[in-house]
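J.: The following block contains the structure, expressed as structure tokens.
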Amino acid sequence: MKVTLQPSGHTFEVPEGQNIVQAGLAAGFMLPYSCRAGVCRTCRGTVLEGKVDYGMVHETYLPESDKAKGLALLCQAKPLTDVVIEVREVQGVRPRTIPCRVEKLDKPAPDVAVIGLRLPMNENFRFLAGQYIDFLLKDGKRRSYSLATRPDPAGVTALEIHVRHTPGGLFTDHVFDKLKVRDLLRFEGPLGSFYLREDSSKPIVMLASGTGFAPIRAMCEYAAEKKISRPITLYWGGRLKRDLYQFEAAQGWPHVKFVPVLSDEKWQGRTGFVHRAVMEDFPDLSGHQVYACGAPIVVESARRDFSAQCRLPADEFYADSFLTEADKAATA
Ligand SMILES: Cc1cc2nc3c(=O)[nH]c(=O)nc-3n(C[C@H](O)[C@H](O)[C@H](O)COP(=O)(O)OP(=O)(O)OC[C@H]3O[C@@H](n4cnc5c(N)ncnc54)[C@H](O)[C@@H]3O)c2cc1C
Ligand code: FES
């Protein structure tokens with residue numbers, strides 16, 4: 001079946017069994033996506049002509065009323081006929097599979113590992129500030145981690161990721177129990193459409209919860225390097241002070257106003273839910289861009305409340321929600 005994207009006019013074939021995002025990426029077209037599990041809605045597009053099988057999508061994330069408007073989640077949808085789809089294409093390079101070696105392994109908090117990865121010298125890995133990679137594990141399993149590294153147009157051969165321990169989790173149990181310096185891993189990347197948009201002059205609000213700080217760090221450092229002069233306010237939330245495991249780095253950026261927020265510890269700084277702190281300071285977000293990352297509950301609350309209560313346009317909310325297998329299973 002053939003897919004035509006609007007407004008670009010790009011076309012590609014969808015092989016049997018593939019969804020529209022998969023086939024589009026394989027054909028070299030960058031469609032927006034994050035979770036690839038039918039939950040985050042980043043990949044929403046409008047079917048203008050033809051019919052699709054909507055795939056495994058829970059009613060919560062694609063209600064009948066949305067289907068009636070022609071909306072589909074393109075990471076799940078498969079064409080049943082030739083289709084024309086309206087979707088905002090994004091930037092990015094085609095993902096590749098790359099081996100890497102663990103070069104550094106620090107634990108700045110009891111449940112956070114900061115891992116330095118060394119790529120082969122000839123890789124020159126290119127990506128956009130904020131994107132993620134998938135580690136390729138046994139039996140076809142994969143786990144996603146955002147890059148905390150600032151990209152370089154010439155490519156990089158060292159990457160940093162921040163991993164929170166999920167007790168009972170396949171990959172993070174391995175990281176906290178067994179992983180050591182010099183171990184080999186394999187990843188696919190770069191992935192996702194969570195990256196700093198440079199074609200806008202709007203002030204930026206960044207919202208990180210826990211290890212959601214990783215891609216935000218990449219974006220802040222990239223913005224400094226590119227001398228992006230748009231005001232940036234960064235809200236980083238955790239339960240306890242130790243959850244803000246790179247506090248000094250965040251505090252040290254001269255171009256970023258840093259607002260740390262703790263929900264479960266009394267201190268001299270802000271307390272409560274981190275997305276609520278944003279709403280107190282920015283009751284009107286109609287002229288802003290928001291980049292949110294981390295715990296799904298925080299990202300979803302921000303998405304909902306910023307647009308319903310602070311007039312943030314829906315398409316100015318960019319996010320990666322750190323969904324785990326449990327979150328995905330709960331919505332299947
Ligand atoms: C786009 C994206 C970017 C991400 N970036 C980061 C990042 O930068 N840093 C970070 O810390 N995390 C990130 N995550 C989350 C990360 O990918 C993992 O989901 C997380 O680290 C847990 O992995 P795990 O293998 O240890 O746990 P999993 O094996 O996924 O298990 C998680 C929990 O679910 C339970 N579980 C497992 N399978 C099932 C099932 N079938 N049904 C019900 N329960 C189940 C387990 O017991 C465990 O409690 C990101 C996620 C996404 C989608
Ligand atoms: S719902 Fe399709 S990428 Fe998340």
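The values are calculated or read from the model by the stated rules, or taken from the named source; none is laboratory data. Only a predicted model underlies this, so the values are computations on that prediction, with no experimental measurement involved. Cβ: placed from backbone, ideal geometry, glycine included. Neighbour counts: every protein chain shown.
J.: What residue, among those in the range 141-170 that are under 18 Å from G212 (Cα atoms) and among the β-branched types (V, I, T), is farthest from ligand 2 (Cβ to nearest atom)?
T.: T149
J.: Out of curiosity, is E221 free of Cβ contacts under 8 Å to residues at least 12 places away in the same chain and assigned to a helix (DSSP H, G or I)?
T.: Judged against the criteria, E221 is not a match.
J.: Is there a residue in the range 318-325 that is touching a residue at least 40 places away in the same chain (Cβ under 8 Å), charged (D, E, K, R) and in a helix (DSSP H, G or I)?
T.: yes
J.: Of the residues L31, L74, which single one is away from ligand 1 (no atom under 14 Å from the Cβ) and within 20 Å of L128 (Cα to Cα)?
T.: Of the residues listed, the single one that is away from ligand 1 (no atom under 14 Å from the Cβ) and within 20 Å of L128 (Cα to Cα) is L31.
J.: Just for the range 46-69: of the residues that are at pLDDT 95 or above and in contact with a Ser or Thr (Cβ under 6 Å, 6 or more places away or on another chain), which one is surrounded by the fewest Cβ atoms within 10 Å (Cβ to Cβ)?
T.: This residue is K51.
J.: Shifting gears a bit: How many residues, within the range 114-125, are buried (at least 18 other Cβ atoms within 10 Å of the Cβ) and in contact with a Pro (Cβ under 7 Å, 6 or more places away or on another chain)?
T.: Qualifying residue count for the region: 1.
J.: Kindly state which strands (runs of 3 or more DSSP E) lie completely within the range 14-99 and contain at least 3 residues that are within 16 Å of ligand 2 (Cβ to nearest atom).
T.: 44-49, 71-73
J.: I'd like the residue in the range 282-332 that is under 17 Å from W236 (Cα atoms) and of a type in the set (D, E, K, R) and, out of all such residues, is farthest from ligand 1 (Cβ to nearest atom).
T.: The qualifying residue farthest from ligand 1 (Cβ to nearest atom) is R303.
J.: Quick one: in the range 234-262, which of the residues that are within 16 Å of ligand 1 (Cβ to nearest atom) and charged (D, E, K, R) is surrounded by the most Cβ atoms within 10 Å (Cβ to Cβ)?
T.: The extreme case among them is D243.
J.: Separate question: Please count how many residues of the range 257-308 are without any contact (Cβ under 8 Å) to a residue 40 or more places away in the chain and among the hydrophobic types (A, V, I, L, M, F, W, C).
T.: 10
J.: Could you check the range 287-311 and list, in sequence order, the residues that are over 20 Å from T42 (Cα atoms) and not in a helix (DSSP H, G or I)?
T.: G287
J.: A further question follows. Tell me, please, whether a residue that is in contact with a strand residue (DSSP E or B) (Cβ under 9 Å, 6 or more places away or on another chain) and under 24 Å from G155 (Cβ atoms) can be found in the range 254-262.
T.: Within the range 254-262 (the criterion being in contact with a strand residue (DSSP E or B) (Cβ under 9 Å, 6 or more places away or on another chain) and under 24 Å from G155 (Cβ atoms)), the answer is no, since none of the residues qualifies.
J.: Residues that are surrounded by fewer than 18 Cβ atoms within 10 Å (Cβ to Cβ), of a type in the set (S, T, N, Q) and within 7 Å of ligand 1 (Cβ to nearest atom): find the strands (runs of 3 or more DSSP E) completely inside the range 158-218 holding 2 or more of those.
T.: none
Here's the yes/no breakdown for (1) more than 15 Å from ligand 1 (Cβ to nearest atom); (2) surrounded by 15 or more Cβ atoms within 10 Å (Cβ to Cβ):
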position: K2; (1), (2): yes, no
position: L5; (1), (2): yes, yes
position: E16; (1), (2): yes, no
position: C35; (1), (2): no, yes
position: R96; (1), (2): yes, no
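J.: While we're looking at this one, here's another question. Condition first: under 19 Å from D106 (Cα atoms) and either crowded, with 16+ Cβ neighbours inside 10 Å or modelled with pLDDT under 95 (or both). Can you find one or more residues in the range 224-233 that meet it?
T.: No.
Matching residues to (1) at positive phi; (2) surrounded by 15 or more Cβ atoms within 10 Å (Cβ to Cβ); (3) modelled with pLDDT of 95 or more; (4) not polar (S, T, N, Q):
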residue: A72; (1), (2), (3), (4): no, yes, yes, yes
residue: K78; (1), (2), (3), (4): no, yes, yes, yes
residue: I85; (1), (2), (3), (4): no, yes, yes, yes
residue: G92; (1), (2), (3), (4): yes, yes, no, yes
residue: V112; (1), (2), (3), (4): no, yes, yes, yes
residue: F127; (1), (2), (3), (4): no, yes, yes, yes
residue: Y132; (1), (2), (3), (4): no, yes, yes, yes
residue: D139; (1), (2), (3), (4): yes, no, no, yes
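J.: It is to be established whether one or more residues within the range 62-70 are closer than 30 Å to G168 by Cβ and of a type in the set (D, E).
T.: No, the range 62-70 contains no residue that is closer than 30 Å to G168 by Cβ and of a type in the set (D, E).
J.: Another one. Name every residue in the range 171-230 that is of a type in the set (A, V, I, L, M, F, W, C) and within 16 Å of ligand 2 (Cβ to nearest atom), in order of residue number.
T.: L191, F194
J.: So, F125, is that one touching a strand residue (DSSP E or B) at 6+ places or on another chain (Cβ under 7 Å), of a type in the set (F, W, Y) and within 11 Å of ligand 1 (Cβ to nearest atom) or not?
T.: no
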